[in-house]
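The values are calculated or read from the model by the stated rules, or taken from the named source; none is laboratory data. Just so you know, these numbers come straight off a predicted model, no measurement behind them. A quick note on method: Cβ atoms are made from the backbone with ideal geometry, for glycine too, and the neighbour counts reach across all protein chains shown.
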Amino acid sequence: MTEDELELPRVVVVAWGMAAHPQRGPKRELSHERIVEAAIAIADRDGLPAVTMARVAESLGFTTMALYRYVTNKDELLALMQDAATSDIEPPVIDPHDWRRALRAWTEHLQRGYEAHPWMLAIPATVESVAMPGNMAIVDRALRAMRTLDLTAQNRIAVILMLSTLAGMVAGLNRDLAKSPAAVSGLGAGLRDIVTADRFPDLSPLIDSGDYLGPDPSDEPVTAEFDFGIERLLDGLARFESPNQNPDRPVVAEPAPELDPAIAATLAQEAYDVAVAARKQGERRVKELHKRETAAAKERDRARDRATRVG
């Protein structure tokens, strides 16, 4: 099947690696992947407005026209950048048997992705974006997290939209507040003179305590608000799935129905895969901490040696 016979938007075909390479031009030295990688590096360093076809071409040592053989316009480039960036952060371990923990891990993963590439928040959603491989992988993981929930397809999509909105909002707030911590601090002091108890009786206590603007963004990102928000959303989802449950009555788990042996084997394999992935993730974390410990020990020894020589 040719690219034209796929009847998909060109940017989707490119993202799935099904686009034909240009018949003319620098085939070996240039590719869609190299162009997108260079554009992401510029956006991470200088922000999305700095990404232009000319600047990307210059960073790669090619002419702008050479890029157009691979990427037809900037909108296509932005869509490919966003798709590639969604896979930049290591995917979370999704345990389909614990939907609450799995959905929280999924949302935190999205937030980390936005914070690693904050320019993604400035790219508007398009019809094509839902068909991109990175986005579809994210949706697939969320559906896996909700596998045991008794929800309609529409409600599952609603949960994905709700949690992804929270992740993007918190990541965007952290990004914006971190840009001007001094301004936030000064604003808090100034508001105390304006927001008085007689004008804003319920708001003024928050202003006086400093809770309205939250902690100094240079010291601590917005985490308490995220924790509260996601936990209440998950509380609501749990209640929605069991609307008649009496919160004052202990919940007694009903015996699970006997599964078909083939299905049971599949679920057992999935549980094993999750456990292996969790172990590997833990081992990588231990290695990272060991490296930090080794580096800190070397620095400590150097500092002691310098102190001994001075003394």
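Details
- Any hit, the range 16-25, residues being outside any helix (DSSP H, G or I), on the phi > 0 side of the Ramachandran plot and modelled with pLDDT of 85 or more: no
- Every residue from the range 89-135 that is out of contact with any helix residue (DSSP H, G or I) (no Cβ under 6 Å at 6 or more places or on another chain) and not in a helix (DSSP H, G or I): GLU90, PRO91, HIS97, ASP98, PRO124, ALA125, THR126, VAL127
- Here THR223 meets each of (1) surrounded by 14 or more Cβ atoms within 10 Å (Cβ to Cβ); (2) under 14 Å from THR107 (Cβ atoms); (3) modelled with pLDDT under 80 with one exception, condition (1).
The rows are residues; the columns are (1) modelled with pLDDT of 80 or more; (2) on the phi < 0 side of the Ramachandran plot; (3) crowded, with 16+ Cβ neighbours inside 10 Å.
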{"site": "GLN154", "(1), (2), (3)": "yes, yes, no"}
{"site": "LEU161", "(1), (2), (3)": "yes, yes, no"}
{"site": "PRO181", "(1), (2), (3)": "no, yes, no"}
{"site": "LEU191", "(1), (2), (3)": "yes, yes, yes"}
{"site": "PRO205", "(1), (2), (3)": "yes, yes, no"}
{"site": "SER209", "(1), (2), (3)": "no, yes, no"}
{"site": "PRO217", "(1), (2), (3)": "no, yes, yes"}
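- Matching residues in the range 187-212 - criterion: being of a type in the set (A, V, I, L, M, F, W, C) and either in a helix (DSSP H, G or I) or over 22 Å from ALA224 (Cβ atoms) (or both): LEU187, ALA189, LEU191, ILE194, ALA197, PHE200, LEU206, ILE207
- When the range 41-88 is limited to residues that are of a type in the set (S, T, N, Q) and part of a helix (DSSP H, G or I), the one that is nearest to ALA142 (Cα to Cα) turns out to be GLN82.
- Only one entry in VAL139, VAL130 is at pLDDT below 90 and either among the hydrophobic types (A, V, I, L, M, F, W, C) or surrounded by 17 or more Cβ atoms within 10 Å (Cβ to Cβ) (or both), namely VAL130.
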